[in-house]
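Take a look at the structure below.
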Amino acid sequence: MADMLAIHKYRHSDLPAKRSDELRLLANNEFDQFPIVRQTVWTTPDWSFLGMDEHNLACFYNLVERVVRFDDQPVEIVGLNNLVTAPGYKSRGLASELLRSTEAEWFTTLKARYGLLLCADHLIPFYARLGWQRVSSEVRYSQPERKHVWTANCMVLSPARERVEPHVIDLCGLPW
């Protein structure tokens with residue numbers, strides 16, 4: 001079924017309100033169970049990639065384009081945010097297909113050097129199968145009141161799959 005997925009890319013700000021609400025609801029249902037998610041102020045994504053089955057949303061993810069700092073060196077990244085599969089479409093490989101089908105665009109069209117994601121423990125094996133590597137870097141991010149250090153997992157994706165392990169990653173803004 002994964003080869004039946006039609007992929008659509010939108011500037012997140014250009015999504016119709018109804019679709020944007022649908023994505024928000026799906027993400028909330030998936031991730032609001034985690035206290036760190038509920039207690040954190042998140043940035044607004046730049047892009048949304050939708051995997052459609054006919055006219056129905058099967059899965060989606062958002063991306064944030066940003067220059068972050070790896071050990072005080074500026075690095076252009078895309079931050080993966082809210083990869084979600086809609087109920088009724090889970091366990092079919094659609095989210096994996098969506099990522100695999102669009103990843104090259106991150107490093108070509110969007111000119112990112114790396115992909116970066118903040119990740120729950122149980123999702124590490126899923127992303128590792130797709131080439132993401134968990135890093136032990138200290139990850140700093142902003143919140144309205146002050147800077148924080150991310151206490152959960154961070155993973156990096158290199159287009160060449162080389163190991164990347166900065167000591168400190170500064171997200172230079174709100175997390176995604």
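Consider His12 carefully, then state whether it is out of contact with any helix residue (DSSP H, G or I) (no Cβ under 7 Å at 6 or more places or on another chain) and open to solvent by less than 50 Å² (accessible area, probe 1.4 Å). So His12 fits the description; yes. Look at Arg100 and say whether it is basic (Lys, Arg) and either surrounded by 17 or more Cβ atoms within 10 Å (Cβ to Cβ) or part of a loop (DSSP other than H, G, I, E, B) (or both). For Arg100, the condition - basic (Lys, Arg) and either surrounded by 17 or more Cβ atoms within 10 Å (Cβ to Cβ) or part of a loop (DSSP other than H, G, I, E, B) (or both) - is not met. For the range 57-81, taking the residues that are closer than 20 Å to Lys111 by Cβ and aromatic (Phe, Trp, Tyr), the one that is most open to solvent (accessible area, probe 1.4 Å) is identified as Phe70. One residue stands out among those in the range 1-56 that are in contact with an Asp or Glu (Cβ under 6 Å, 6 or more places away or on another chain) and in a loop (DSSP other than H, G, I, E, B): the one that is nearest to Cys119 (Cα to Cα), which is Asp46.
Applying the set (1) within 17 Å of Leu25 (Cα to Cα); (2) among the β-branched types (Val, Ile, Thr); (3) exposed (fewer than 13 other Cβ atoms within 10 Å of the Cβ) to Thr85 leaves exactly one unmet item: (3). Pairing each residue of the range 58-76 that is more than 16 Å from Ser137 (Cα to Cα) with any residue that is basic (Lys, Arg) and in a strand (DSSP E or B), provided the two are 6+ apart or on different chains, yields C-beta distances under 8 Å for Glu76/Arg66.
In the range 108-169, counting only strands (runs of 3 or more DSSP E) that sit wholly within it, the ones holding 3 or more residues that are under 16 Å from Val68 (Cβ atoms), modelled with pLDDT of 95 or more and open to solvent by less than 40 Å² (accessible area, probe 1.4 Å) span 114-119, 138-142, 153-157. When Thr109 is tested against (1) of a type in the set (Val, Ile, Thr); (2) out of contact with any Asp or Glu (no Cβ under 6 Å at 6 or more places or on another chain); (3) over 24 Å from Trp47 (Cβ atoms), exactly one condition is not met: (3). Of all residues in the range 15-56 being aromatic (Phe, Trp, Tyr) and touching a helix residue (DSSP H, G or I) at 6+ places or on another chain (Cβ under 9 Å), which is surrounded by the fewest Cβ atoms within 10 Å (Cβ to Cβ)? This residue is Phe31. Would you check if Phe126 is free of Cβ contacts under 8 Å to residues at least 60 places away in the same chain and closer than 14 Å to Trp47 by Cα? In short, no.
The rows are residues; the columns are (1) farther than 22 Å from Asn153 by Cβ; (2) of a type in the set (D, E, K, R).
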residue	(1), (2)
Leu99	no, no
Lys111	yes, yes
Leu117	no, no
Asp121	no, yes
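The values are calculated or read from the model by the stated rules, or taken from the named source; none is laboratory data. Bear in mind the structure is a predicted one, so any value in this text is a computation, not a measurement. Quick reminder, even Gly has a Cβ in these numbers, built from the backbone with ideal geometry, and neighbours come from all protein chains shown. When the accessible area is computed, the model is the full protein with side chains, heavy atoms only, and any ligands, DNA or RNA have been set aside. Shrake-Rupley method; radii C 1.70, N 1.55, O 1.52, S 1.80 Å.
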